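Only the coordinates and a few stated rules stand behind these numbers; no lab work does. What you are looking at is a predicted structure, and each value in this text was computed from that prediction instead of being measured. Quick reminder, even Gly has a Cβ in these numbers, built from the backbone with ideal geometry, and neighbours come from all protein chains shown.
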Amino acid sequence: MSPEMLLQTAPAAPFSSTEFDDYVVHSYARFPLMLERGDGCRVWDVEGREYLDFVAGIATCTLGHAHPTMVDAVTQHIRKLHHVSNLYYTREQGELAKWLVEHSCADKVFFCNSGAEANEGAIKLARKYAHTVLQIENPIVITANASFHGRTLATITATGQPKYQKGFSPLVPGFRYVPYNDIAAIEQAIATLNHPTRQVAAIMLEGLQGEGGVRPGDRPYFQRVRQLCDEQGMLLLMDEVQVGMGRSGHLWGYENLGIEPDVFTSAKGLGGGIPIGAMLCKASCDIFQPGDHASTYGGNPFACGVALSVCRTLAQPGFLENVQARGEQLRAGLRAIAQAYPNWICDVRGWGLINGMELHADAEITSPEVVNAAMAEGLLLVPAGPKVVRFVPPLIVTDAEIRQALQAIENALAAISLAKTQ
Ligand SMILES: *Cc1c(COP(=O)(O)O)cnc(C)c1O
């Protein structure tokens, strides 16, 4: 039976969000929208209403929905061999690792299933490196305020935002925080922590802070951090979970900063929506031995085969140029809109197709309000904190779709404005 026929014959059994909430743990604040199907940059809810999807599963659906290349890869790999564990070799895992190494500064890859798990791997690698190479007994990893690294215990500890840590103590020891993009502060922190004996094993940073408000890293800051790491033997770990895989207009976020990390992590966009994560490292810190780290699902032939189809599509001529051009188009359009609302919007920023529109801290509107108003106009967006609206569409987004999104934002802001004056 063809997929189209399956869709037609499946009965549209009603299932309400109320019933959903009877059974699913309430750990998410969900929008009142039940989605059913997608195609390209569009999704449809159960009532058949169409939305332009500028969330893309939170910067994940690199090729949008139901992309023919992914449909083919999914079908091919589920038919052939989908999972056997890491007791054995599979071609797909080797091929994806080879592609990633050939298209990045890394020499080796470890596969897992999510961003948090990839970051756990990076933190474990940094600790083992500290114990075996740097001879540090109680290694410290420095991370940034307003960062986001995941929801496991170690990664909420790495995340420099108390709201993610509240209620989950005791946290994991061995983390310290510095303000982002602040050279003097990180110099000071390292000088203190490494005196009289060295304690800092690694510095872990996002090249652009995503959840923390779409804040791009400064080139001079990252170049200084790279230099400090080189001088003192510390590892530079970069979390590329959100900004990597072409989203920044370059394949990797660090390319925007003119530096190379020792270790970096990928997930979200890597599988185009199929769960996969990866920790990538230079040969100089490839120190895991058999038994040191593992993941049952990690790098199975299904996930790797699909991710490889995403990677190869990204590498096609013109793909990243589209990301850059659409990003510029979006930012220019948002800046024009911002001029009409100077009391609300204070900044528009981002790289490639990860962009944020920031509202004044004391503006009478919040990012969830803008997101809800945009939804009413048929555009899906996601906040990055209470005052930043985030735009992370599929990387295949077209000129016409950007124009449609800008129109929807304009309509949404006009609707909010009208409601406020009534
Ligand atoms: C989403 C995200 C993570 C966590 O990824 P999960 O797949 O949800 O575990 C980690 N780091 C960054 C920068 C992210 O954006």
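For the reader, a short list of remarks on this structure follows.
- Among the residues of the range 86-124, those identified as assigned to a helix (DSSP H, G or I) and either within 16 Å of the ligand (Cβ to nearest atom) or among the basic types (Lys, Arg) (or both) are Arg91, Lys98, Gly115, Ala116, Glu117, Ala118, Asn119, Glu120, Gly121, Ala122, Ile123, Lys124.
- Qualifying residues in the range 192-203 (those that are surrounded by fewer than 18 Cβ atoms within 10 Å (Cβ to Cβ) and part of a loop (DSSP other than H, G, I, E, B)) - the one farthest from the ligand (Cβ to nearest atom): Pro196
- The set of residues in the range 44-70 being away from the ligand (no atom under 16 Å from the Cβ), buried (at least 21 other Cβ atoms within 10 Å of the Cβ) and of a type in the set (A, V, I, L, M) consists of Leu52, Leu63, Met70.
Here's the yes/no breakdown for (1) within 16 Å of the ligand (Cβ to nearest atom); (2) among the hydroxyl-bearing types (Ser, Thr, Tyr); (3) closer than 19 Å to Tyr254 by Cα:
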residue	(1), (2), (3)
Thr155	yes, yes, no
Tyr177	yes, yes, no
Ala184	no, no, no
Ile190	no, no, no
Leu205	yes, no, yes
Gly210	yes, no, yes
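- Boolean, Val141 is among the β-branched types (Val, Ile, Thr) and within 16 Å of the ligand (Cβ to nearest atom): yes
- Residues that are within 14 Å of Leu257 (Cα to Cα) and in a loop (DSSP other than H, G, I, E, B) were ranked within the range 212-243; the one that is farthest from the ligand (Cβ to nearest atom) is Asp218.
- When the range 269-286 is filtered for residues that are crowded, with 24+ Cβ neighbours inside 10 Å and either over 11 Å from Asp239 (Cα atoms) or in contact with a Pro (Cβ under 6 Å, 6 or more places away or on another chain) (or both), the ones remaining, listed by number, are Gly269, Leu270, Gly271, Gly272, Ile276, Gly277, Cys281.
- Scanning the range 117-148 for residues that are out of contact with any strand residue (DSSP E or B) (no Cβ under 8 Å at 6 or more places or on another chain) and of a type in the set (Lys, Arg) yields a count of 2.
- Restricting Glu137, Glu187 to residues that are free of Cβ contacts under 8 Å to residues at least 12 places away in the same chain, among the acidic types (Asp, Glu) and out of contact with any helix residue (DSSP H, G or I) (no Cβ under 6 Å at 6 or more places or on another chain) narrows the list to Glu137.
- Qualifying residue in the range 245-252 (condition: more than 18 Å from Pro139 (Cα to Cα), of a type in the set (Phe, Trp, Tyr) and in contact (Cβ under 8 Å) with a residue 60 or more places away in the chain): yes
- In the range 389-408, the residues that are surrounded by 24 or more Cβ atoms within 10 Å (Cβ to Cβ) and not aromatic (Phe, Trp, Tyr): Val389, Arg390, Val392, Pro393, Pro394, Leu395, Val397, Ile402, Ala405
- If the condition is being more than 12 Å from the ligand (Cβ to nearest atom), surrounded by 24 or more Cβ atoms within 10 Å (Cβ to Cβ) and assigned to a loop (DSSP other than H, G, I, E, B), then the range 250-268 contributes Trp252, Leu257, Pro261, Asp262.
- Residues (surrounded by 17 or more Cβ atoms within 10 Å (Cβ to Cβ) and small (Gly, Ala, Ser)) located in the range 167-191: Gly174, Ala189
- Among the residues of the range 28-43, those identified as in a loop (DSSP other than H, G, I, E, B) and surrounded by 13 or more Cβ atoms within 10 Å (Cβ to Cβ) are Phe31, Leu33, Met34, Cys41.
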